[in-house]
Amino acid sequence: RLEEARSAALALIDSGDLEQAKSKYLGRKGEFRQLQQLLGKLPADQKPEYGKAFNQCHRAVEDAFKAAQAGQSAKKPKGPRFDLLPGARFPVGVRHPLIQTIEEISDIFGRMGFRLAEGPDVEDVFHNFVALNIPDDHPARDPRDNFYIDDSLMLRSQTSTVQIRVMEKQPPPVRIISIGRVYRPDTADATHSPMFHQVEGLYVAEEATMADLKTILRMFCQTYLGEHVDIRFRPSFFPFTEPSIEVDMRWSESEDRWIELGGAGMVDPNVFKAVGYDPEKVSGFAFGLGVERLAMRRHDVSDLRLFFENDVRFLRQFA
Ligand code: FA5
């Protein structure tokens, strides 16, 4: 009976009469349901053999049914039965190149063990300056160089604020990056914008060295920009690192033109004190790089303002 049911059901499916096949064989009152019920009444020693045969037949018919069903619905045109000519193409957007850059940067540092951290764009003077060892009379605090909201609030001028926010919340060791917007009343030109992005990194451990810092920066640049990229380090000064360096990248292999990528250095003991870390017990390094500058170098974009003009002819090239 099982064999009969199988061939009859398959024949129906073959002929395309899926309704019949379903109600007669596969439905709730169908033949297979009845055959399955017989299973319960068999003597125990015949059950496994019959059960196996039943399952095989049932599955074969079901699979054939599903395949036929899929075939039928694919053939049945759902829309109007005429050709809309010429085909109207929907414009499909692309993710903004800076978003793509940010995701790739966090991917690369993620693989090196750096967790992603965040801080607010509207920041207080304590996190933007005080805790970073930038004294009251420091020129970096000048109202002409910052967007103050009132005496104690401002749009952050650097992502170094996130170093403080992270260390306030957790004990060492720390290994984070933070990527976000920063704001400075800089005049827009080919390499500057009043709003731009930085990627900040902070590494704190029992022992961290300048060599570790330079290796991480070099590895990151070679991964993101390519093996051939030329990087150079210059001595520099930041109140929150000592010693401090600046990182430049060569604009192209053929040109002797260098562009500043960011600042970095060994975390100043005063910064550790501000967040309650013991500078005798930990050391660390930090860096802050310009995200637009990285994207420019990677995609050979000669004017940073293009990233903010949102001309679709430019954006489409990043599909
Ligand atoms: C800083 O902002 C420091 N916080 C970096 C740092 C972090 C030093 C941690 C030590 C330890 P600086 O002002 O140089 O440094 O800015 C860093 C980078 O941001 C620059 O090298 C440049 O790539 C980018 N940058 C600065 N100003 C602009 C701007 N107006 N438009 C686009 N990119 C900018």
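The values are calculated or read from the model by the stated rules, or taken from the named source; none is laboratory data. In this text, all values refer to a predicted model and were calculated from it rather than measured experimentally. All Cβ positions, even for glycine, are placed from backbone atoms using ideal geometry, and neighbour counts span all protein chains on display. Just so you know, the surface numbers come from the protein's heavy atoms only, side chains and all, with ligands and any DNA or RNA stripped out. Shrake-Rupley method; radii C 1.70, N 1.55, O 1.52, S 1.80 Å.
Here are some notes:
- Alpha-carbon centroid distance for the pair the range 214-229 / the range 138-176, whole angstrom: 27 Å
- In Å², nearest 10: area of His228 left accessible to a 1.4 Å probe: 100 Å²
- Of the listed residues Ser244, Ser7, the order by accessible area with a 1.4 Å probe, largest first, is Ser7, Ser244.
- Solvent-accessible surface (1.4 angstrom probe) belonging to Tyr148, in square angstrom, nearest 10: 80 Å²
- Taking all protein chains together and a 1.4 Å probe, the residues Trp258, Trp251 rank Trp258, Trp251 from largest to smallest accessible area.
- Within the range 114-258, the ratio Rg/Rh, alpha carbon atoms throughout and Rh by Kirkwood, equals 0.97.
- Modelled label positions at Ser73 and Lys41, each set 7 Å beyond Cα in the direction of Cβ, lie 3.7 nm from each other.
- A crude spin-label estimate for the pair Ser254 and Leu2, with each label 7 Å from Cα along the Cβ direction, gives 7.7 nm.
- For Lys52, a cut-off of 25 angstrom between C-alpha atoms picks up these lysines, skipping any fewer than 8 places away in its own chain: Lys22, Lys24, Lys29, Lys41, Lys66.
- Length added when fully stretched, Lys273-His228, from 0.36 nm per residue minus Cα-Cα: 12.2 nm
- Residues whose amide H lies under 5 Å from that of Ser157, counting only those 5 or more places away or on a different chain, are Tyr183; hydrogens are built 1.01 Å from N in the peptide plane.
- Segment Lys52-Glu118, extension gain: residue separation times 0.36 nm, minus the distance between their alpha carbons: 17.9 nm
- Listed residue (Ser73, Gly119, Pro239) projecting farthest to the positive dipole end of the chain, Cβ model: Ser73
- Taking θ as phi - 60° and the Karplus parameters 6.51, -1.76 and 1.60, the scalar couplings of the range 21-35 work out to 4, 5, 6, 7, 10, 9, x, 5, 10, x, 4, 5, 5, 5, 4 Hz in sequence order, x denoting glycine and proline.
- Pairwise label distance in nanometres, Ala11 with Phe308, each label 7 Å out on the Cα-Cβ vector: 7.8 nm
- Heavy-atom accessible area ranking, 1.4 Å probe, most first, across Phe238, Phe109: Phe238, Phe109
- The gain in end-to-end length when the His299 to Asp137 segment is fully stretched comes to 54.3 nm, 0.36 nm per residue minus the alpha carbon separation.
- Hull volume per residue, based on the alpha-carbon atoms of the range 195-296 and their convex hull, is 103 Å³.
- Ligands, DNA and RNA aside, Met219 has an accessible area near 90 Å² when probed at 1.4 Å.
- Only helices enter the 222 nm calculation for the chain: every DSSP H run of n ≥ 4 contributes -39,500 (n - 2.57), and dividing by all residues gives -11500 deg cm²/dmol, rounded to 500.
- Value of Rg to Rh for the range 237-313, rounded to two decimals, is 1.16; Kirkwood radius and Rg both from alpha-carbon coordinates.
- In order along the range 212-220, the Karplus-derived 3J(HN,Hα) couplings, from 6.51 cos²θ - 1.76 cosθ + 1.60 at θ = phi - 60°, round to 4, 4, 5, 5, 4, 5, 5, 4, 4 Hz, and Gly and Pro are given as x.
- Principal axis dimensions, largest first and in whole angstrom, of the chain by Cα: 96, 60, 45
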